[in-house]
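The values are calculated or read from the model by the stated rules, or taken from the named source; none is laboratory data. Since the structure is predicted, the reported quantities are computational estimates derived from the model, not experimental observations. Cβ coordinates were reconstructed from backbone atoms using ideal geometry, including for glycine residues, and neighbour counts include every protein chain displayed.
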Amino acid sequence: GNSVTQMEGPVTLSEEAFLTINCTYTATGYPSLFWYVQYPGEGLQLLLKATKADDKGSNKGFEATYRKETTSFHLEKGSVQVSDSAVYFCALTDSNYQLIWGAGTKLIIKP
Amino acid sequence: NAGVTQTPKFQVLKTGQSMTLQCAQDMNHEYMSWYRQDPGMGLRLIHYSVGAGITDQGEVPNGYNVSRSTTEDFPLRLLSAAPSQTSVYFCASSSGTKGYGANVLTFGAGSRLTVL
């Protein structure tokens, strides 16, 4: 069945460091891929998405490229800020348009 | 524009008690859903609805009931709470039921439920 695997957290970085959060998936067909972010005490919100192979989603300095050959959708940011501290969820769609979620990766940015 | 509003934010129940988590959205979204979030397990879909009068089960529906009498409201009922239902619950909605629109979810702020 469809599944999403994310790197375990927490990931702890210093401000201005480079960020990578790994996400790999297993799916039949051609799913769309998403990153959602959950800031402390809030609900999730969409960060970026990609709908087909080689698409790059980007938002707020974050980027992720849909890599079908490696079944990956890694999240990257060149210079993180304290305000980026949150939990990041990778997700894909199944054939019924329901979202399949990864377990989430907690990111802690220290000043 | 309030978006998705969930109440209550916090609730403590005793085993066997019943309660309803409320969810309301003011965006005229067709699709509404309930998730539970547990540490290390991401989000798991409980129930969802693609329009008023239509509901369906998600991944973990046991112990929960839903109804959708209006477009705006989608309450989640626990008929006899169990400690295994201790979790954070999120309501989410979207403008579409298929395609890209179905996957861009707007979430409420969450309801933290503890069952003793």
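Would you mind stating whether A:SER58 is closer than 16 Å to B:VAL104 by Cα, more than 10 Å from chain B (Cβ to nearest Cβ), more than 10 Å from the chain's Cα centre (by Cα) and not hydrophobic (A, V, I, L, M, F, W, C)? When the stated conditions are applied, A:SER58 passes them.
Restricted to segment A:25-40, and to residues there that are in a loop (DSSP other than H, G, I, E, B) and free of Cβ contacts under 8 Å to residues at least 60 places away in the same chain, the residue that is farthest from A:ALA91 (Cα to Cα) is A:PRO40. Please go through segment B:73-92 and pick out each residue that is in contact (Cβ under 8 Å) with a residue 60 or more places away in the chain, part of a strand (DSSP E or B) and either away from chain A (no Cβ under 11 Å) or on the phi > 0 side of the Ramachandran plot (or both). Listed by number, the list holds a single entry, B:LEU78.
Got at least one residue in segment B:73-82 being touching an Asp or Glu at 6+ places or on another chain (Cβ under 8 Å) and surrounded by fewer than 15 Cβ atoms within 10 Å (Cβ to Cβ)? Let's see the steps before the verdict.
So the first thing to find is which residues in segment B:73-82 are touching an Asp or Glu at 6+ places or on another chain (Cβ under 8 Å), and the list is none.
For segment B:73-82, residues touching an Asp or Glu at 6+ places or on another chain (Cβ under 8 Å) and surrounded by fewer than 15 Cβ atoms within 10 Å (Cβ to Cβ): absent.
Look at (1) within 14 Å of another protein chain (Cβ to nearest Cβ); (2) surrounded by 13 or more Cβ atoms within 10 Å (Cβ to Cβ) and you find that A:PRO10 fails only one, number (2).
Any residue at all in segment A:80-89 that is under 24 Å from B:SER111 (Cβ atoms) and touching a Pro at 6+ places or on another chain (Cβ under 8 Å)?
As a first pass, look at segment A:80-89 and keep what is under 24 Å from B:SER111 (Cβ atoms): A:85-89.
Then keep just the ones that are touching a Pro at 6+ places or on another chain (Cβ under 8 Å); that gives A:85-86.
Yes, because at least one residue in segment A:80-89 is under 24 Å from B:SER111 (Cβ atoms) and touching a Pro at 6+ places or on another chain (Cβ under 8 Å).
Filtering segment B:1-58 to residues that are assigned to a loop (DSSP other than H, G, I, E, B), within 13 Å of chain A (Cβ to nearest Cβ) and more than 20 Å from B:VAL104 (Cβ to Cβ) leaves B:LYS9, B:ASP38, B:PRO39, B:GLY40, B:MET41.
In segment A:57-111, which residues are in a helix (DSSP H, G or I) and not hydrophobic (A, V, I, L, M, F, W, C)? Show your work before the answer.
So in segment A:57-111, the residues in a helix (DSSP H, G or I) come out as A:82-84.
Once the filter is applied, which keeps residues that are in a helix (DSSP H, G or I) and not hydrophobic (A, V, I, L, M, F, W, C), segment A:57-111 yields A:SER83, A:ASP84.
Per-residue answers, yes or no, for (1) among the hydrophobic types (A, V, I, L, M, F, W, C); (2) under 27 Å from B:THR5 (Cα atoms); (3) facing chain B (nearest Cβ under 10 Å):
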{"site": "A:ALA53", "(1), (2), (3)": "yes, no, no"}
{"site": "A:THR70", "(1), (2), (3)": "no, no, no"}
{"site": "A:SER79", "(1), (2), (3)": "no, no, no"}
{"site": "A:SER85", "(1), (2), (3)": "no, yes, no"}
{"site": "A:PHE89", "(1), (2), (3)": "yes, yes, yes"}
{"site": "A:THR93", "(1), (2), (3)": "no, yes, yes"}
{"site": "A:GLY104", "(1), (2), (3)": "no, yes, yes"}
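Here B:PRO61 clears all of (1) in a strand (DSSP E or B); (2) away from chain A (no Cβ under 12 Å) except the condition numbered (1). Of all positions in segment A:25-34, at least one carries a residue that is of a type in the set (Val, Ile, Thr) and either exposed (fewer than 12 other Cβ atoms within 10 Å of the Cβ) or within 14 Å of A:TRP101 (Cβ to Cβ) (or both).
Identify all residues within segment B:21-40 that are of a type in the set (S, T, N, Q) and exposed (fewer than 15 other Cβ atoms within 10 Å of the Cβ); write none if there are none. Scanning segment B:21-40 gives a single hit, B:ASN28. Looking across A:THR51, A:THR65, one residue alone is among the hydroxyl-bearing types (Ser, Thr, Tyr), at pLDDT below 95 and touching a strand residue (DSSP E or B) at 6+ places or on another chain (Cβ under 9 Å). It is A:THR51.
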